[in-house]
1. Find all pairs meeting these conditions: Cβ atoms under 7 angstrom apart; at least six residues apart or on different chains; first residue within the stretch 44-68 and free of Cβ contacts under 8 Å to residues at least 40 places away in the same chain; second residue of a type outside the set (G, A, S) and in a helix (DSSP H, G or I).
2. If M3 satisfies every condition in (1) modelled with pLDDT under 85; (2) exposed (fewer than 10 other Cβ atoms within 10 Å of the Cβ); (3) outside any helix (DSSP H, G or I) but one, which is the exception?
3. Using the structure shown, decide if K9 is part of a helix (DSSP H, G or I), surrounded by 10 or more Cβ atoms within 10 Å (Cβ to Cβ) and within 19 Å of the chain's Cα centre (by Cα).
4. Taking the conditions exactly as written (open to solvent by less than 100 Å² (accessible area, probe 1.4 Å), assigned to a helix (DSSP H, G or I) and either touching a Ser or Thr at 6+ places or on another chain (Cβ under 9 Å) or not small (G, A, S) (or both)), does I36 satisfy them or not?
5. Out of all the residues in the stretch 62-72, which are within 24 Å of the chain's Cα centre (by Cα) and not in a loop (DSSP other than H, G, I, E, B)?
Amino acid sequence: MIMDIQTRKILFVKKFLDISNEKIISKLEKILKNEIEFKPELNPKTSEEMKRRISQSLNDADTGRLIEQSNLELEIEKWD
């Protein structure tokens, strides 16, 4: 059975209202925040903006403003 988007949203909200687990609610909040807030970042950049970002990245590397991958992975594990 195929449902329209409005019906799916209503069913989702009903299920959401029944959730009592704080961890699940936090995860859903993170998903919504990521989907809504970061979409503007997907807009194409101008070549000038890309050059500026590359220059900044190279400068960060030269001045040691980096995070080792292993440290980043440890930090990401704390996000849940």
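1. If the second residue must be of a type outside the set (G, A, S) and in a helix (DSSP H, G or I), the pairs left are L66/D60.
2. The failed condition is (2).
3. Details: part of a helix (DSSP H, G or I): yes; surrounded by 10 or more Cβ atoms within 10 Å (Cβ to Cβ): yes; within 19 Å of the chain's Cα centre (by Cα): no.
Here the answer is no, as K9 does not meet what is asked.
4. Details: open to solvent by less than 100 Å² (accessible area, probe 1.4 Å): no; assigned to a helix (DSSP H, G or I): yes; either touching a Ser or Thr at 6+ places or on another chain (Cβ under 9 Å) or not small (G, A, S) (or both): yes.
So I36 fails the test.
5. At the first step, the residues of the stretch 62-72 found to be within 24 Å of the chain's Cα centre (by Cα) are 65-72.
The answer is Q69, S70, N71, L72.
Okay, residues lined up against (1) more than 15 Å from W79 (Cα to Cα); (2) modelled with pLDDT under 90; (3) outside any helix (DSSP H, G or I):
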{"residue": "I19", "(1), (2), (3)": "yes, no, yes"}
{"residue": "K27", "(1), (2), (3)": "no, no, no"}
{"residue": "P44", "(1), (2), (3)": "yes, yes, yes"}
{"residue": "D60", "(1), (2), (3)": "yes, no, no"}
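The values are calculated or read from the model by the stated rules, or taken from the named source; none is laboratory data. Keep in mind that this is a model prediction, so the values were computed, not measured. Don't worry about glycine lacking a Cβ; one is built from the backbone with ideal geometry, like all the others, and counts go over all protein chains shown. Only protein heavy atoms, including side chains, enter the accessible area calculation; ligands, DNA and RNA are left aside. Shrake-Rupley method; radii C 1.70, N 1.55, O 1.52, S 1.80 Å.
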